[in-house]
Structure formats: structure tokens, C-alpha cells
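Structure, as C-alpha cells:
No value in this document is a laboratory result; all are computed from the given coordinates. All figures in this text were calculated on a predicted structure; none of them were measured in a lab. Backbone-built Cβ (ideal geometry, glycine too); neighbour counts: all protein chains shown.
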Amino acid sequence: MSTVEAPLYPIAVLIDELKNDDIQLRLNSIRRLSTIARALGEDRTRSELIPFLSENNDDDDEVLLAMAEELGVFVPYVGGVEHAHVLLTPLETLCTVEETCVRDKAVESLCKIGSQMRENDLIERFTPLVKRLAAGEWFTARVSACGLFHIAYPSAPETLKTELRSIYGQLCQDDMPMVRRSAASNLWKFAGTVESAHLKADIMQMFEDLTQDDQDTVRLLAVEGCAALGKLLEPQDCAARILPVIVNFSQDKSWRVRYMVANQLYELCEALGPEPIRTDLLPAYVRLLRDNEAEVRIAAAGKVTKFCQILSPELAIQHILPCVKELSLDSSQHVRAALASVVMGMAPVLGKDATIEQLLPIFLSLLKDEFPDVRLNIISKLDQVNQVIGIDLLSQSLLPAIVELAEDRHWRVRLAIIEYIPLLANQLGVGFFDDKLGGLCMQWLQDKVYSIRDAAAKNLKHLAEEFGPDWAMQHIIPQVLEIANDSHYLHRMTLLRAISLLGPVMGSEITCSKLLPVVVNASKDRVPNIKFNVAKVLQSLISVVDQSVVEKTIRPCLVELSEDPDVDVRYFAVQGLQSIDQVTMSS
Amino acid sequence: MNPTTRRHLEWKFSQVFGERSPDDEILDADRISTVEFDKSGDYVAVGDRGGRIVIFETKDGKNTADQHYSRNQLEQLDYVSLNHPEYRYKTEFQSHEPEFDYLKSLEIEEKINKLKWCTSLSGSLFILSTNDKTIKLWKVKDRKVKKAREIDSPHQLLSSENTLLSEKSFMNEQGIPSFANGNHVESGVNSIFPSQELRSKIANYEDTAYARCRRVYAHAHDFNINSISNNSDGETFISADDLRINLWNLEVSNQSFNIIDMKPSNMEELTEVITSAEFHPIHCNLLAYSSSRGFIRLVDMRQSALCDYSARIFQDEECHGSRSFLTEIVASITDIKFPVDGRHILSRDYMNLKLWDMHMDSSPVATFKIHEHLRPKLCDLYNNDSIFDKFECCLSGDGLHFATGSYSNLLRIFFHGGGSDEGATIEASKDPNSIKNRKPLPRSRRSSLSNLTRGFYKQGHESTSVVDEYSLNSSSKLQHLAWHPCTYLIACASGNSLFFYHA
């Protein structure tokens, strides 16, 4: 290889690594394919690199995936759009591999390239590729083909368009369910490019065939696309062709199909006018809310607020609210949890009277639910109710619920409620908070689980931000500083954590007068873990306090720690000293 | 094959792999634990207790010499059935290794409990295999090795269009060609490695296949997995252990859905366990599972996410006549199979082979008695645990013939409409010669026996020893077998040997 010049040498290594045994090296090389291409130049990329990559289809999936992705942005390196077609060959092979994510990526890249290609090339190069894949021996090729029609179709001449439509129709009836699934999930994309006359005839025929497929999995993908398809049609066509299918599906034998309808119903409503919603979709939705299968009810319950928003309040009160009452007493905790996470959103829709009269009892019963997720979901959306009815009506029931959650034996539940405390504090106001919740916040600082203690420290910071330094000075700082005398070193460590978080919020003065002495005191602790945490906290306080305090208090303390017998303590102390020096130098 | 349906078939020996001489000790690890044909019948896979999977493929037209031989041999035996496939070794690989669960202090055997073929795509074969706890998806692919001729030609490298990229290496000191991607041979063979050149020449004649583990579906079963079954949607499969059945997506190995849970909150209330589960071959929503109490439950997955409620229960009411401890044990169903059309279910329990019609749940449409002669000895069988032996069953592609195994390496084959006595009995022999010495009938072990000859055979057999009939030596049990999907060909395993019989 005497012809390889010096600057090309790194490129040569990259090319060499394309063939290396080590997958990581091949992967690195593929990731830098654009560098290789730039170095080779457009001509050689076209004539050498791309053919090489076309043969390289037997590699590990990771490498193939990276290659499929890189090729999608390769148009500039092969000489622009007029040469984009050379990229089709390697991507075509990648469309047939067995790993789904590689195929999907190859299809995505082909779509990217196809959308840039010139019309002529699309007809002469891209469309034949689509046809080849659609007639592929292995179903993987046919699965990939389904995702490419919407690129090939628009620029095709009339006869070719007819052919493409008929090929797609065949794919919708393929023997392999995987192909039919792909055809079903890509139908709406293809439909978006088809002329409206053919849309009504051919595409709708395909859609109807797919909705009658034997395989549940095909039918439910057909539902998934129907909202998008509905938006392409005129409202009256949509009402005539899609609506009956959906109403039918909402009573399908398979719960999976009904589940999909429950998820899609709202989107479909947007495509239809108000009249069909009232006459057809509302009854269908009410049926889904009362479905036998809990999974369906979960999906339906999750949409209850969105659905109410498109209905008039009267209809919502008349039809949906009774269902919501039933769901709040559902036997499945997951249904109740799904309902709890959205039901608060109904308050603004229903207005104050209906909310107090009808929704409030539901909130209250959900707040007393035996399943903590249900209670948490209600509490997390508290601000929405507060806007409508005010917190007073709820506060009586709220407190026991919060206390119970705060003491739940699952630490994840405790963690979740801690995270809502700032929101609650904001909604409930200082007075209520001081009376009832202040104690809890301190209690968490001494929890058995680290994550809880950590969250509790962060919570104090949020509260200090919420209510201001003065309030914190009165209600947080004294209690927190008491922990310094705790016998448990982990609790003393939590104190340090809290101080490092509170310092910046409380400002320089309080930090110097109240917090810093505690920290300095802690540097004499007998536990090395405390001592090096002191070093870390001091380091974080450097930016909070004045330069003079740093020199007078922090530096001597760190110097002392830097002579500690423990190596970790010395390490962090030296780090602290270095950052003091940096700050001094920059200022 | 049409004229032969619904009647007695003449069964002949076709092939054997792993034949042993009678003195050979079988290593436990070599014992075959499952046999499965792929959908086309072109491949048959065998799993063993040592965690290995061996794949055999049909000899195709290329191998003319071999086929002439077998044809001549066949013509002497029977003129009609020329076209049964013959198999040859393709590849083998280690699917599972012994493991130790430290949390539960539990040893996990490497034994392959079940394997299933998945839809093959882009020319590779896909196999799901499972031991007690972990399911794996394997891909078996033929290495494409470039023609050796290309390598021989010294001009090839120079005249290649890809001058830059076809050069063997930019780093001169790195001369080792990459074999990770089989088709790179052309770009890298160096004359310093003549042996590799030789190897690739040979590879032209013999396809080399290699297996790669694609996915591992682990940590979803608390109990031992007894079956896996692919759904007709090509996307999902189930795995069943003693008390639960999980539903998986083939492409998602980190989550599964529990669809059936029979575990009582108090394990002392446990009354039955799941013994086998299979998806319906056509309807993706139907699933059948059998239990140790002799029930077959049919479940419609469309009805509910958790399928505790069964759509139908198939239960032989006759079996509830005289109940005793032992009759309850032998009622346990050990295997169920759907025929291709999905109209019937074939089940095997310790005593019988039963055919059920999906439209009749009160009793089977046919019962073939396999072990009736053991009924008086059930107590002995219980004492030495043989009563818990699990025999599999299988059906022909047309759904009209059924086969199952028994003790003394006996393979029992029945046909729809025929009674228990009209079936064929074949002894899968390890060594033809030794059997010949023992028994006067020269071909009895291979060819099917009419009623008359079987009577004769039985007499002869009984005279040797009655105990022999259900010899408790575990090497003489024929438990695992599979029927070719299109022709009358059965593969059955005994010990470490795989026998093929055809009709």
C-alpha cells in the first residue's frame, strides 16, 4: 500500500477496522463512516465504499444498526441527490435482515433518502426497490416494503400508481401475519399520499379487510391507524366508513382490541363532528368504562378527562359521571389508580357545583383507598381541584391521607409523597403546613432508607425556597441543627447534606452565623465519613460565603482535615483547598 | 400418501443416529430429552440432558451417491414409499450450561426440557430452547464461504474493482483475515496461511453452520418450565411451569405477562399442577393446557388478560369411576398436542393415549390403551417412581395417525378409527444384532406387526420375562418422539439414539 499517503493513514486504520474481528472496533469505524467517505472522496465512496458495505450484511446486529443509521445521512458524501440512488443497494439488503430494529432503521433511512431523491430517480430506482422488497421471498423484505410505499407513490405515473396500490392490497392479505401487521400499521401513511378517489375505494377496502383479519394482533393495529385515517377523510365519509368499524371494535371479542379502541377513541373524536360523538362514540365509551376486562377499564379510565373536555358538561354529568363513581369503587386497584391520576382534571370541566356535589365524594373515597398509588395519584393533581373548589373542603380528609402515606412501610411510597410536599405546601399555605406537616418533614430526615433521607433534605430546600429564609430560620433551621448531636452518624451525615443544600437558599449571613459553626464543629467528629463529608460541604459553601469567612473559617478547618490520618478525609480536604485557591485566583 | 390414510400402515426402519452397542454405557448427559421437526420437515432438532442441541437436515438432491444407495435398499423393502426423507447431521451447539441460583441455593440443570422451531427468516433457522428456568432463542445460520477458486487466483486481488477496500490490510503486519463475517474470506487470505485456504475449499462442499444465541428470556419462572409453544401470529410464545404460564413477545426478552396463575396463596392447598401447554395451531387466541388431575383446559385469551377462567374443560368422566390414590396419579396428563387443523387434541396419560374432539368435552372420541397390562403392577411402579414417567405423544400431519412411546423401547402407533389393538408396535432397537439373537423374528423390531404377528411377538416376549416388559431400566423407555409434518415418518429417541421409522 505504498500509494497511501500520510494524511490518509488514520483513514486506512478505520477502513481496516471495518474488517476487524473485534465488534467494538467495527462499530467505531461504522460510526465514523462519514469521515471515511469524506477522505475517500465522492467517487471512491460510490465505487468502493458503498459496494463494500452492500456485501457487509452478515455482521452483528449492532454494526448493521449503526450502518443503517449512518447511511440515512450519507447523501452528501456520495455526491448529492443525483447520486443518492447508490445508497439504495446496501439499505435494501438491510431491509431483509432478521433483526427488527435494523430493518426499521433501514426503512427509516430509505424514507429519508427517498424524500430527497429526484422524481426521475424515485421512479427508476426507488419504486423498483419497493416492488422487489414487496415480492421478497422472506417475509422480512415484505414487512419492510410496507413502510416505503408512501415515499414511492406520489411521484409515480398513473399506471405505476395503480400497480403500487394493488401490491399494497396483496401485502394486506399476505400469508404471514407479520406482513399484515406491518401493512396495517403503515396504512395510514400510505393513505395520506393516495388521491381521495382511490382513498375511498382501494384504501378503505384494504382497511376493511384488515379490520376483519383472523389475527387479533392485525385487527388491533388496524384500530391504531383508524384515527389517522379518519382525519384524511371528509367528516361524513369518516362517519360512514370508520365509525361503524370502531363501534364494532368496541364490542370485539378480544379484550386487546377493545383496549386499543379505549386508547384511540379520543383521537378519533377529533376527526368526527359532535353529532356522531353523542350518538355513537359516547355509548361506546361508556361501554368500555364498564368493560369486563380490567385492562380495558384502565385504558378507558385514563382518558376520562380528555373525553369530558370534548363533551358538553351536561352530557358528561349525565353519562360519564355515573361511570366514574363505579370506577372509583372498582375491584381492580390499577383501574382506581388510573382514574385517580386523571379524575381531578374533570373538576374544571364540570364546574364548581357539580364538582362539590358529585366529584368531591369520589375524591374523598379515593383519598381513603387502601392502595397507596391511588392516594398518591389524587394528591399529585391537587392543584387542579384547588383551582375549582379551594383546598378547605379537602383539607380535613387530606391530612390523614398524607400522614398515612408518610408512614407507609414501602419506602417508594414515602419517597413519592415527599416529592409532593412542596406542591402541597404551596396549595395548603404556611399556616396549615406548620401545624400539620412540619413534624413529618423532620421525621423523614431520620428515615431508615437513604433515598428518603436524601429526598427529605432536598424537600427542606424546596420548602425554604417556597416560604422564604425567614420562615425557614424559624421553622427548619433550629430543628435541623439539633441533629448535630444525634448519636447515629448517618443522621449526622444527613444534617451535612441538608446544610449544603440549604446554604445557598438561606444566603451568606445565616450560613455564616448558624450553619458554618455546626459544620466546623462536625470536622472534629470521630467518624471519618463525617469528616470527609464536612470537607465536601465546606467546598460547596465557598461560593456562598464571603472571601473573608473562607479565609478565616473554612481554610483553617480544611487545613486541619488535610492532615487527618484517614486518606479519604485528606483527599477531599485537599480538593477543598484547591478550589479555594481557584476561587481566590479568579477573583 | 392419500390411499394409506385411515388404515394400518406398514412401518419400516429408516435411519438411526447415535447407535450403541449393548455394552456401551450411556452417559446421562447424552440422553435425548426432546425431539422436534421444523414446519417443513426439512430439519429435525434434538435436545439432550447435557444441554446440547443437535440439528439434522434432509439429504437433498445433490448427494446422489448416497441416495442411490438408499433407494436400492428401499426398493428391496417396499416399492411404494420411495419418497421419505433421510436426514444427515448438520450441526450441534451447546444451548444451556449448568447454573447455580445462589439466592435459592438451587442447582439448575442444563437439560433441554423442550425446544421449538420458530418461523425461519432470511435463510436462518431459529430455535427456542428451554431448561428448567431459562428460555433461549438460537439462530443457526449457514456460513457463506466464498468459492476457493477466487482465492487461488493471484490476479483477483490486483484486478478487483475495489482496489482500496479489497486490499488485505493497510497495516502490513496484520495479516489475519476476519472470519467473523464469513464472506470476507476473499479479501483476506494470505499465502502464509495455507491451512485456511484448504479449509475454505472444503467449506465449499460442506456448509458450515454456526449457532448464535439471540435472546435470553430469563427470571420469569419460579418453578420448572415444562413446555414452550409458539403462537400462530409469529410474534409471541408461551412458557409454562408447574403453576404458571407466561406470555412473551419473541423480540422482548426483559418482560413477560403472566396469563395463568394456579398458585394457591397457601401452598398446602395445592391440588394440581400444569403439565403441558400448547397454543392452537390456527387461532392465535386459543391455548390449551393440561393438568396433573387429568384436565385439559382450553383458554380464550381474548376474554381476559388473566386467563384463570377456562373456556372449556376436557375431562374424561369415565375415569372417575373407581378413585384411588394410584388412579389419580395415572390420570395425570403428560403431554398434549394439537393436529395441524386444530380440531382435535391428542393427550397422553400414564395408561392411555386419548383423542379429544374440541366440540365434545365430556369424553375423548378415542382411547388407545397403552399400559393396561401394567394396571396390576401400579403399586410396584409407584414404589420405584416409574409411575411418574412422562411419555410424549405426536400426530401425523393429516391428523389421522397417532404415536406414543412405552417401556422396552416400544413405539406404539394407532390410526383414527382403529382400536387399541389395531395399532402397530415397533421396538426401537439399539443394536439389530443383539435383538436378533434374542428373538426369533428377524425384522419384527422394525416392521409393523399385524395383529397376528404381534400376538406371536408378544408371546415370544412374555416367555422371556414379564418384568422385561416394563423394564425399569431408564434406558429402555421411549419417551420423546415427533412426527414429520408432511409424511409418515416418526423420529423417536431412546437413550442417546434417535431412530427414524417411515411408512
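Things worth noting here:
- Percentage, to the nearest whole number, of Cα pairs in the protein assembly as shown over 54 Å apart: 40
- Stretchable slack from A:Lys436 to A:Leu25, in nm (0.36 nm times residue separation minus alpha-carbon distance): 141.9 nm
- The value given for the stretch A:377-442 is a Kirkwood hydrodynamic radius of 12.0 Å, derived from the mean inverse Cα-Cα separation.
- Neighbour-count order for B:Met267, A:Met442, A:Met204, A:Met344, fewest beta carbons within 10 angstrom listed first: B:Met267, A:Met442, A:Met204, A:Met344
- Degrees separating the helix A:100-114 axis from the principal Cα axis of chain A, which is the longest one: 70
- By other beta-carbon atoms within 10 Å, ranking A:Glu99, A:Glu55 with the fewest at the front produces A:Glu55, A:Glu99.
- Cα-based equivalent ellipsoid of the stretch B:236-308: semi-axis lengths in Å, sorted from largest, via gyration tensor: 21, 15, 11
- Taking only the C-alpha atoms of the stretch B:278-364, Rg followed by Dmax gives 13.0, 38 Å.
- Chain A shape via C-alpha gyration tensor axes, a/c threshold 1.5: oblate
- Cα pair distances exceeding 20 angstrom across the stretch B:210-333, given as percent: 47
- Cα-Cα over 32 Å, subset of B:Lys39/B:Lys369; A:Lys231/B:Lys139; A:Lys112/A:Lys200; B:Lys104/B:Lys136: A:Lys231/B:Lys139
- Listed residue (A:His85, A:Val403, A:Ala300) projecting farthest to the positive dipole end of chain A, Cβ model: A:Val403
- Fewest-first ordering of A:Asp447, A:Asp566 by other beta carbons within 10 Å of each residue's beta carbon gives A:Asp566, A:Asp447.
- Cβ-derived FRET efficiency at R0 41 Å, A:Val520 paired with B:Met267, nearest 0.05: 0.10
- All-pairs Cα distance distribution in the stretch B:211-255, expressed in whole percent, bin size 5 Å: 5, 22, 29, 25, 15, 3, 0
- Taking each of A:Lys448/A:Lys524; A:Lys189/A:Lys303; A:Lys19/A:Lys189; A:Lys131/A:Lys189 in turn, the alpha-carbon distance tops 27 angstrom for A:Lys19/A:Lys189.
- Peptide B:299-306 shows a mean partner chain C-beta count of 5 within 10 Å per residue C-beta.
- Bins of 10 Å, starting at 0 and running to the largest distance - Cα pair percent for the stretch A:231-352: 14, 47, 32, 7, 0
- When the Cα gyration tensor is reduced to axis lengths a ≥ b ≥ c, the ratio a/c is 1.5 or higher for the stretch A:455-559, and with a/b not above b/c it is classed as oblate.
- Kirkwood hydrodynamic radius over Cα pairs of the stretch A:498-587, then Stokes diffusion coefficient at 25 °C and 0.890 mPa s, in µm²/s: 193
- Mean projected area of the convex hull spanned by the Cα atoms of the stretch A:413-459, taken over all viewing directions: 2.9 nm².
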